[in-house]
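Here, each number is a calculation from the coordinates, and none is a lab measurement. Computed from a prediction, not measured in an experiment: that's the story for all the values here. We place every Cβ from the backbone using ideal geometry, glycine too, and count neighbours over all the protein chains shown.
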Amino acid sequence: MTELEKYKKAFSVACELLNGDCLFGIDAETISKEMVEKNGIVSCFQYEEYILSNLEKLTGEEEYN
């Protein structure tokens, strides 16, 4: 997957989370709680990093790899 394809998929995931969707047991609140526990704060960069590093999990592709 190219970087552009990866970012397009990550953007789609971010939009779904913004709309309040729960993706394979993970929602925006779950991500926020995890970031606060880990770093004490929540930032846009952390959301981007989380989504990109967990892209397969958030899109269900993890089950097939």
Legend entry - Packing-based exposure ordering (other Cβ within 10 Å, fewest first) of M35, M1: M1, M35
Inset, instruction - Based on other C-beta atoms within 10 Å, arrange I41, I26, I51 from fewest to most. - result: I41, I26, I51
Inset, instruction - Rank these for me by crowding, Y7, Y50, going from fewest to most other beta carbons within 10 Å. - result: Y7, Y50
Legend entry - Distant alpha-carbon pairs in the chain (separation over 20 angstrom), percent: 24 percent
Inset, instruction - Taking the Cβ of G40 as the centre, find all other residues whose Cβ is under 15 Å away and add up their charges (Lys, Arg: +1; Asp, Glu: -1). - result: 0
Inset, instruction - On a 0 to 90° scale, report how tilted helix 3-18 is relative to the longest principal axis of the chain, with both axes built from alpha carbons and the result rounded to the nearest 10. - result: 50 degrees
Inset, instruction - Count charges around A28 for me, please; just the other residues with Cβ under 12 Å from its Cβ, Lys/Arg as +1, Asp/Glu as -1. - result: -4
